[in-house]
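The values are calculated or read from the model by the stated rules, or taken from the named source; none is laboratory data. Quantities reported herein were computed from a predicted structural model and do not represent experimental measurements. Note: ideal-geometry Cβ built from the backbone for every residue, glycine included; neighbour counts use all protein chains shown.
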Amino acid sequence: MDLATFRNTLHADAPPPDASVYLRALWHEAKGNWDEAHGLIQELTDKSAAWIHAYLHRKEGDTWNADYWYSKAGRKRPQQPFEEEWESMVTEMLEEV
């Protein structure tokens, strides 16, 4: 699956059945369900989860919390628009499959 194919699944009622927890979280966030996305990711401790967690808090407007999670992910808060970061995350998570 590539970014365009993943983006096309946003028309469905559920994420792709074979999607990782990371992609499911990003799918729910793109559908406007922040709470579902956060619930999927908040207990995971790896760097990919921390990056998504940071993005969710940045989008929420909680900069301090976002910066904490970006540091856990080994990243700095980006200055790029949310959509570009989302695309970067989806692309990277798809490559990890």
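Determine, yes or no, whether residue 63 is in contact with a Pro (Cβ under 7 Å, 6 or more places away or on another chain) and more than 17 Å from residue 96 (Cα to Cα). Against the criterion (in contact with a Pro (Cβ under 7 Å, 6 or more places away or on another chain) and more than 17 Å from residue 96 (Cα to Cα)), residue 63 does not qualify. Residues in the range 17-58 that are modelled with pLDDT of 95 or more, closer than 18 Å to residue 95 by Cβ and not aliphatic (A, V, I, L, M): 20, 22, 24, 27, 46, 47, 48, 51, 55. The set of residues in the range 1-26 being aliphatic (A, V, I, L, M) and in a loop (DSSP other than H, G, I, E, B) consists of 1, 12, 14, 19.
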